Each structure stands twice: as C-alpha cells, then as structure tokens.
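Have a look at the structure below before the remarks.
Coordinate-derived values only; no laboratory data. Just so we're clear, the structure is a prediction, and the values are computed from it rather than from any experiment. All Cβ positions, even for glycine, are placed from backbone atoms using ideal geometry, and neighbour counts span all protein chains on display.
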Amino acid sequence: MVEQAQELDFEAPPRGSAEELLSAEAGDPLDPMRHSAAHVMAEAVMDIFPGTRLGIGPAIEGGFYYDFELPQPLTPDDLARIEARMSESVAADHEFVRRVLPPDEGRAFFEQRDQPYKVEILDDLRRAAEGADTDPPEVSTYEHGPFIDLCRGPHVESTGRIGPFKLMSVAGAYWRGDEKRPMLQRIYGTVWSTQAELDQYLWRREEAKKRDHRRLGVQLDLFSFHDASPGAAFWHPKGWTLYRELRGAMRDLQARRGYQEIYTPPLVHQKLWEQSGHWEHYRENMFLIEAEQQTFSLKPMNCPESTFIYRSRVRSYRELPLRLAEYGILHRNELSGVLSGLTRVRHFVTDDAHIFVRPEQIGAEIAGLMAEVREAYSWFGLEPTLTFGTRPDKALGDPQVWAETEAVMRAELERSGLRYRVRAKDGAFYAPKIDIQIEDALGREWQTATIQVDRVMLPERFDLWYVDENGQQQRPVAIHRAIYGSFERFIGVLTEHFAGAFPFWCSPVQAVVVPIADRHNEAANELAGVLRGRDVRVEVDDSSNRMQNKIRLAQEQKVPYMLVLGDREVEARTAAPRTRSGEQQPAIGWDELAARLAEEAASRRPD
Ligand SMILES: [Zn+2]
Ligand SMILES: [Zn+2]
C-alpha cells in the first residue's frame, strides 16, 4: 500500500509560476521541513481558533502555506500570535509519527473531527480507486504533539528540526481553486535552515518589490499599461529609446552575420493557420477578426509567413544559409487575469529569425548562433545558461533524423563553452530546441528565448525545397531563432535586474547637464549640443531647483552621468562627470568628453 500512498495527489507540493517550474522540477531538499512547518502552523491555528476546518498545506518555493476555514478574517496581529504559538511547538520538539488507518476508520476519524475538506479528499481517492478497480486506499496520517493531519509525508523527524521561519501574508483562496466552492484563508510562511538564509530571503523579497518593473516603469517614465489595451505596453519616449537601442544592437549583430530583414502582415487568413496546424492546436490563443465573411487572425508568430518569402523564387543551394529576420507584431490571446506587466502580455515583438540551411550546415549555423548568444548577453554583463530539450515521445518526423540533429546540436553546445543542461524529451513536438535562461541580480531564473532546429514543420508542411549541386530538389532545415526573445519580456527582466540603472550604451538618458546658477544655462545648452553632435543622449536641467536637488533627481532617474557646470567649468569649457553611483571624476574638456562617451556607447560594455 506504500506505493499507492505515494500516488495520492493531496498535499503534492504545487509550484508557482512558470519561472519557478524551471528550477523546481526535482523538488527541494527543504520541502519536508517546509511542509512540517505547515503542520505546526495548522496546530497553532487550531489551538487559537478552535473549530477551524483544514484545507491543504503543502511546501512551495521558499516556504509553505495552509488553507483554513475560519470564523473570522485574520489580521496581522493574528499572524504574530500564530508565530508565537508555532515557536512553542518547535521548542517542545514533538516527534512526527506516521499512522496508517484502514479506509473506513480513517474517514470516520476526520468526519468526527468536523473536517469536511479532508473527508472530501478521502472520498475522491476512494472514487478514483473504484474507477481504477483497486482497493480503497488506506488513510495515511501524521501526528505531532496534539495535532494530527491527513498526510502522505514526508516530514522531518520532529518539530525541533524546523529552522527559522516567518509568516508572510494572508490571502483568499477558493477550495480547490474553484470559484464556486468556499473561499478559504491561506497563510503563507517561509522557513529556512539558518537565520542567515531567512534574512537573505526576506531581503530578496523586499528588493524584488523595489525592483518590480511595473513600478520602475512609472518611476522612470518608461512605459505604462491601460485598460484601453490590456496586456500591451504604452511606450513612453524613454522606454521606447531603450527598446530601439536594444533592437539597434541586434540589427547590427544581424547585419554582421548576414541576416536580411523582412516584414510580413500582422493580419493573416485562417487558411494559412489551417496549413500550419495552428488552427487546430492554437486557435484559442489567437485573436480572430471577421471581414467580408472571411476569418482572419492577428498572427501569434511569424513562422508560416516567412515561408512565402522563401518560396517567392526557386532557391539554389548556393543561397543557403538564408537568414530572414523579422520584428513582426505578434498577439496572443492570454486571459486578462494572467496578464502581468511586461512579462505576460498579449501584444509583443521578438527578435525573431528563420534561418534556412542545408542539413550539413546545421552544425556551423548552431556554432554561429551560440556566438550570437554570447555576444548579445555580454552587452548586459549576463552569462546565460542553455537548456537542451530533446525529442519528446509524441514527435513529428523520423526518430533517426531527430537523433542525428540532436547529436550535431549537442556537439556544438559542448564546443561553445556556454553552460548548458540537458532536459530529456523537452523539445518541441517538431524540433529539438535550445532554451536560453538568465539568472538576474536577485538569483531569479528567467527564460528569455529559444532556438529550434525544425526539419519537419516548416519544411514539410509548407513544401520548401532548394536545388542541390546535382539539380535535385532537397528539403532545407528551418531554424527558428530568437536571442532576446520578446522585447517586452526582456526589457521587463532587464529593468528588474539593473533596478533601472541600465548600462550606459542603452540608457534612455545618458547624461544630465546641471548648471549651478541661471548664468550657466547658456553654456549648459552649448555642452549638450556638443554631446548630441556625438549622438550622446543628454538633457539639461535648467530648472530653478538647487544643484543638490538636480543631482538627486538625476540619480533617482538612474542617469549614468551628471555634468555639473559652474563658473570655473564654463570658463575652461570643461565638465567634471559625476556617476550615478556617486563617483566624482576629474574635469575633462567638452570635446574630449563627447568622444569618450561616444566610444563608451559604441563599445556596448556593461557598466
Ligand atoms: Zn503533512
Ligand atoms: Zn518560427
């Protein structure tokens, strides 16, 4: 029966966001302690509020929660009382003891204690067992001190093994996530092995709040969101400058690598989506538009349309690799409830490209792409981690061809020197893929972009071919490639990573000239002109604010350089740059300063 107990689906640690899923796959070694803390919290709540009904209490990323049905709403004071009561239980070092009860006895036990949610779980398990034609499962419980819970474990040995913890918040949560069922109160807590880890976790949470890109977007005047177009950013001049700088850097890289840029329509007829398979598998995520009794969709991806350019004439083997880049406008119909700032949007643009190669060119092209990844991420001082996803069980195409493609890709990953891990069977159903992830300044992992080597979907569904050396028609390989991924998401991640202090080369405003008094305003504008002559993005603060205020404002706006001008500087036509971190640099002539800043921008060095 032990095997069966492990199959029970209650209290399985659910995980939060898609990002968290990336790192949480294997389960965390702290999970038994986190889940044990949930039991101790339930004990405390039952003790303080007799008659509480229990939902579930799993371990989650960084901590735990438990759902309660309580006679009254919880307040912050209550959390402090619960914490204090939990500390007593930890100090008492109660042992966790597992007991297995026969099915009927177990059900009766929880029914007598007026725990209808636990009874419901047991009834569901029994029904599932009947459906599978197996015996009703025995009831596994864990007991510590005065508290007993329906639970499959595992737990730590005793409550004394629970490390430093803190209760974080209370939120409403529908039983089983179903809005037709009762709303329970969910208490979130965090627990760690050491006080230092707890402190670090709390600091990171605070810091993450401060760095939230939705908040910084407003504070730095980068972008805003409005109900008039949910899930789509309204880009303000500064945010759009950042966006264009990132796109410009990628366009430079693409030009050096021999890409050609194309543009295809955002509004596409249903027929094309039927051919690509999106109509069957992806229609719910597409925005549909009727015109003249025909159905069109706003495109959710560029792939199918790129094939029109490829097929516009007969392609010779000599033309390959053919690299077609497109900054197409994409829409995906995400539910309004899941939209979140720039990281979960309906409207976005990616640095997309489709590269058509001969099969024997796959290796060289992957090598080139790995160099693109390395270069692009170096502009931000980021070292990406790659994840190699191999053939899933349900895949299109010949397994032998998959195996060959994967072998070539893996060899190039090895050679690239970039960090990578293999995730078996995690490829797309039509292509093995390399996902790009970065870890930000707070240690959070974000997936940004993906590279897929497609030998089936575009080549076969759209009947692509080229003429080889012998005049024979051959199928090309289509590599779908993005390096940043969506600009929206990438900028959201960068904003949080840099806390708005973007590298100099892409900062929306690179320098602010600060005249000390009104009589310096004219020279300030002159200096700004010299800098603009070298394409430095500069503003002049000729407001009536005092100098210290002007400097503080520029620092709050994370402007890389402040150039203070007083009598002496105006006289000598110099400026003494002060960095946003507060470093005072020696005075330097205007022309020399302009040349230096232009060079710094062109180098795209991270700060
Ligand atoms: Zn448990
Ligand atoms: Zn594609």
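Any idea what angle helix 103-112 forms with the longest principal axis of the chain, computed on alpha-carbon atoms, 0 to 90 degrees, nearest 10?
It is inclined by approximately 90 degrees.
Can you give the Kirkwood hydrodynamic radius for segment 418-472, in Å, rounded to one decimal and based on Cα pairs?
That comes to 14.1 Å for segment 418-472.
Within a Cβ distance under 12 Å of Ile516, other residues only, what is the Lys/Arg minus Asp/Glu net charge?
Around Ile516, the surrounding residues sum to -1.
If one puts a single equal scatterer on every Cα of segment 171-308 and applies the Debye formula without solvent, what log₁₀ I(q)/I(0) results at q = 0.11, 0.12, 0.20, 0.21 Å⁻¹?
The computed values of log10 I(q)/I(0) come out as -0.86, -0.97, -1.15, -1.18.
Taking the Cα atoms of segment 347-475 alone, what are Rg (to one decimal) and Dmax (as a whole number) in Å?
15.7, 56
Take segment 487-559, compute every pairwise Cα distance, and split them into 10 Å bins from 0; I just need the percent in each bin.
19, 42, 28, 10, 1
Tell me what the chain gives for mean residue ellipticity at 222 nm when only DSSP H runs of n ≥ 4 count, each as -39,500 (n - 2.57), the sum divided by the residue total, rounded to 500 deg cm²/dmol.
For the chain, the value works out to -11500 deg cm²/dmol.
If Lys and Arg each add +1 and Asp and Glu each add -1, what is the summed charge of the other residues whose beta carbon sits under 11 Å from the beta carbon of Phe223?
After counting each charged neighbour, the total is 0.
Compute the angle between helix 237-256 and the longest alpha-carbon principal axis of the chain, please, reported from 0 to 90 degrees and rounded to the nearest 10.
70
Relative to the Cα centre, what is the charge dipole magnitude of the chain, using +1 at the beta carbon of each Lys and Arg, -1 at the beta carbon of each Asp and Glu, and rounding to the nearest 20 debye?
The dipole of the chain has a size of about 1840 debye.
If each residue's Cβ is checked for other Cβ atoms within 10 Å, how do Tyr317, Tyr430 rank with the fewest at the top?
So the residues, fewest neighbours to most, are Tyr317, Tyr430.
Work out how far the C-alpha atoms of segment 523-575 reach from end to end along every principal axis, then list the three figures in whole Å, largest first.
Extents along the principal axes, in whole Å: 26, 25, 16.
Just to confirm the number: angle between the C-alpha axis of helix 399-416 and the first principal axis of the chain, 0 to 90 degrees, nearest 10?
Approximately 60 degrees, to the nearest 10.
Can you put Asp591, Asp78, Asp607 in order, fewest other beta carbons within 10 Å first?
Working: Asp591 13, Asp78 19, Asp607 16.
Listed from fewest to most nearby Cβ atoms, that is Asp591, Asp607, Asp78.
When a footprinting reagent is the concern and you count Cβ atoms within 10 Å, what order do Ile479, Ile329 take, fewest first?
If I rank by nearby Cβ atoms, fewest first, I get Ile329, Ile479.
Taking a temperature of 4 °C and a viscosity of 1.567 mPa s, what whole-number D in µm²/s does Stokes-Einstein yield for the chain with Rh from Kirkwood over alpha carbon pairs?
46
In the chain, if the dipole is taken from +1 on Lys/Arg beta carbons and -1 on Asp/Glu beta carbons about the Cα centre, which of Ile434, Val467, Tyr201 is farthest to the positive end?
Final value for the positive-end residue is Val467.
Rg to Rh for segment 170-244: what is it, with Cα atoms only and Rh by Kirkwood? Please report the intermediate quantities before stating the final value.
Details: Rg = 18.7 Å, Rh = 16.1 Å.
That ratio is 1.16, to two decimals.
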